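The structure appears below as structure tokens.
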Amino acid sequence: MTKLAQLLFVLLLTITAQSQTKKFKVVLDAGHGGKDYGATYHGNIEKKISLNTVLKVGEILSKESNIEVVYTRKTDVFVELNERANIANRSKGHLFVSMHCNANDNQAAAGNETYVMGVTRNAANLEVAKKENAVVTLESDYKIKYDGFDPKSPESVMGISIMQEENIQQSIDIAGKVQQAFTKFTTSKNRGVKQAGFLVLREIIMPRVLIEMGFVSNKNEGAFLNSSEGQNKLAEAISKAILGYRDDFFKLESGVTPKKDVVKKEEPKKTDVKPSTDNKTAVDGVTFKVQISASGKKLETLPKNFKGLKNISIEKENAIYKYFYGTTTSYAIAKQLLADANAKGYSSSFIVAIKNGKKIKLSEAIK
Ligand SMILES: [Zn+2]
């Protein structure tokens with residue numbers, strides 16, 4: 001080969017490698033499976049409906065170029081909740097979509113809803129999370145594996161959600177798109193976007209939602225969910241939402257701009273809270289900030305734009321601007337900052353931990 005041919009060859013390889021890394025990767029999670037049937041009413045079995053619909057969504061998405069579909073299961077097998085998260089995280093997916101069916105003793109209940117991780121005191125939302133989380137009791141040593149988690153206890157369910165949730169804005173976005181698409185493609189009742197603590201979503205480090213596609217306990221809706229016509233409609237709707245999400249977030253992200261650029265690098269400022277004198281809560285090399293909001297709009301970091309909060313910093317990640325309150329090396333102070341933010345009305349704020357310029361899991365940081 002001539003030098004030029006060699007160069008072109010290398011260039012081609014590079015381009016191929018790059019376009020491969022630019023694939024949008026979606027992880028589809030069919031709830032339940034194997035010995036875990038999920039909710040079963042009137043002969044409508046959740047594990048079958050979720051798998052059939054997931055496979056249909058995968059089929060639609062696979063027709064798109066530059067999309068890779070990862071499945072947590074493609075057959076009728078039992079997959080532990082931890083393993084579902086492992087599959088998603090190992091695949092470095094851009095989006096995790098878990099699909100389920102709802103059930104209620106009140107068999108008149110009907111409609112679809114999409115969940116993002118979050119704290120809820122809403123009894124109905126807690127019930128849904130408790131039902132879905134109960135599958136862990138089919139796993140051996142679940143109390144050890146899931147840090148003493150008790151699926152029957154509301155405290156356990158709420159505890160799941162009080163943790164780092166840096167993808168909340170994107171998760172809410174895809175959840176909204178799913179609900180919109182359901183309204184467009186089905187005649188089912190739209191029950192909206194909700195928050196609750198789902199064990200399957202807990203360890204997943206990408207935007208993530210859990211869809212309750214409808215109630216198997218409702219005779220009519222159960223029949224719809226169980227029919228291939230119904231599953232086609234649901235799959236069409238969910239695919240449409242996923243593609244919309246890809247267009248809004250991923251296409252921008254995979255453009256020429258670097259994946260993460262700090263828009264305005266502020267000097268680390270002292271917060272209003274006095275630094276704690278005891279060092280017990282300081283963690284080596286770790287900085288904590290409180291993310292109070294995220295938006296597609298860029299706001300000046302002035303107190304008047306943030307309900308009077310000072311020391312706001314901003315970071316642009318993917319297509320959205322994330323706003324942080326304060327910065328500290330003490331976890332105790334970070335918790336005070338979080339309480340301040342909550343008191344100002346930023347109720348979905350959460351603490352993020354940064355080590356060597358990279359975000360790390362809060363649980364690791366506190367260790
Ligand atoms: Zn389920």
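The residues neighbouring Leu28, those whose beta-carbon lies less than 13 Å from its own, together hold a net charge of +3 under the Lys/Arg +1, Asp/Glu -1 convention. In sequence order, the range 45-52 has phi-based couplings of 10, 4, 4, 6, 4, 5, 5, 4 Hz under the Karplus curve 6.51 cos²θ - 1.76 cosθ + 1.60, θ = phi - 60°, and Gly or Pro positions carry x.
Taking a sphere under 14 Å around the Cβ of Gly244 and counting the other residues whose Cβ falls inside, with K and R at +1 and D and E at -1, yields a net charge of 0. Between the beta carbons of Asn305 and Thr187, assuming R0 = 45 Å, the FRET efficiency works out to 0.60 to the nearest 0.05. Take the Cβ atoms of Thr137 and Glu59, set R0 to 30 Å, and the FRET efficiency comes out at 0.35.
Got a sec? Which residues in the range 22-51 would a label at Lys219 touch, if it sits 7 Å along Cα→Cβ and we count backbone N under 15 Å? Under cut-off, by backbone N: 41-44.
All other residues whose Cβ lies under 11 angstrom from that of Phe185 are scored, Lys and Arg at +1 and Asp and Glu at -1, for a net of +2. Taking 7 Å steps out from each Cα toward its Cβ at Lys355 and Ala108 produces label points 5.4 nm apart.
Taking amide H atoms as placed 1.01 Å from N in the peptide plane, the amide H of Phe198 lies under 5 Å from those of Gly118, each 5 or more residues away in sequence or on another chain.
In the range 19-253, Rg over Rh equals 0.93, where Rg is the alpha-carbon radius of gyration and Rh the Kirkwood radius from pairwise Cα distances.
In this structure, the residue pairs whose Cα-Cα separation is over 21 Å, taken from Lys307/Lys335; Lys63/Lys233; Lys22/Lys63; Lys145/Lys367; Lys22/Lys289; Lys304/Lys361, are Lys22/Lys289; Lys304/Lys361.
Read-outs: derived from the displayed coordinates by stated rules, not from any lab. All figures in this text were calculated on a predicted structure; none of them were measured in a lab. Positions of Cβ are generated from backbone atoms using ideal geometry, with glycine treated the same way; all protein chains shown enter the neighbour counts.
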